[in-house]
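The block underneath contains the structure these notes are about, expressed in structure tokens.
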Amino acid sequence: MSFLSSFNISGSGLTAQKFRMDVISQNIANAQVTQTEAGTPYRRKMVVLKSTDTGSFQNALNSAVKANKQGVQVDAVVDDPSDLVPVYEPSHPDANADGYVMYPNVNTAQEMTDMMAASRAYEANVTAFNATKSIVMKALEIGR
């Protein structure tokens, strides 16, 4: 595997984790939105990542030997199908006939945990990128 493909793999991880953090931030920002433009409460968004490699381990190994681009990419952003949270607030403008307001299915503690995981994955990709850069620089020094 060439060192340039290592940079591509780390770069794809950085891009995917940054996008994931953006979606998590959007979820946190909309945690109390009871009515969107569509007239429904906000629904939590989830990022689906997929490997750019397809097939068996042998295919992945063969493509790595041939220095094909590998890594991760965002496959989709999907709505969380879990139930909305009903809260009894009869004075709220969005309350139904029974006095319940449907709040988004966003759990701030879960979002912060996901944000920390995405941040750690981002840091790991930065570390891998810098390690590859360091190895290349040492190889250039040896070549002098």
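Where a number appears in this text, it was derived from the coordinates with a stated rule and is not lab data. Treat the numbers as computed from the prediction; the structure is a model and nothing was measured. Cβ atoms come from the backbone with ideal geometry, glycine included; neighbour counts cover every protein chain shown.
May I ask which residue of P86, N8, V23 lies farthest towards the positive end of the charge dipole of the chain, with charges of +1 (Lys, Arg) and -1 (Asp, Glu) on Cβ and the Cα centre as origin?
N8
Run the dipole for the chain about the Cα centre, Lys and Arg Cβ at +1, Asp and Glu Cβ at -1, nothing else charged, and hand back the magnitude in debye, nearest 20.
1120 debye
How big is the antiparallel share of DSSP beta bridges in the chain, given as a percent to the nearest 5?
100 percent
Can you give the FRET efficiency to the nearest 0.05 for V77 and K138, using r as the Cβ-Cβ distance and R₀ = 35 Å?
Taking R0 as 35 Å, the efficiency between V77 and K138 is 0.30.
Once you list every other residue whose beta carbon is under 14 Å from the beta carbon of Q35, what net charge do they have if Lys and Arg are +1 and Asp and Glu are -1?
So the environment of Q35 carries a net charge of -2.
Looking at the chain, how many pairs of lysines come closer than 25 Å at the Cα, when each pair is eight or more places apart or spans two chains?
So the count of such lysine pairs works out to 10.
Once fully extended, how much extra length lies between V126 and V33, figured as 0.36 nm per residue of separation less the alpha-carbon to alpha-carbon distance?
Gain on stretching V126 to V33: 30.0 nm.
By how many nm would the segment from Y100 to T15 grow when fully extended, if each residue of separation counts as 0.36 nm and the alpha-carbon distance is taken off?
Residue separation times 0.36 nm, minus the Cα-Cα distance, leaves 26.6 nm.
Calculate for the chain the 222 nm mean residue ellipticity that helices alone would give, adding -39,500 (n - 2.57) per DSSP H run of length 4 or more and normalising by residue count, nearest 500 deg cm²/dmol.
-17500 deg cm²/dmol
Cα axis of helix 108-142 to longest principal axis of the chain: angle in degrees, 0 to 90, nearest 10?
Approximately 10 degrees, to the nearest ten.
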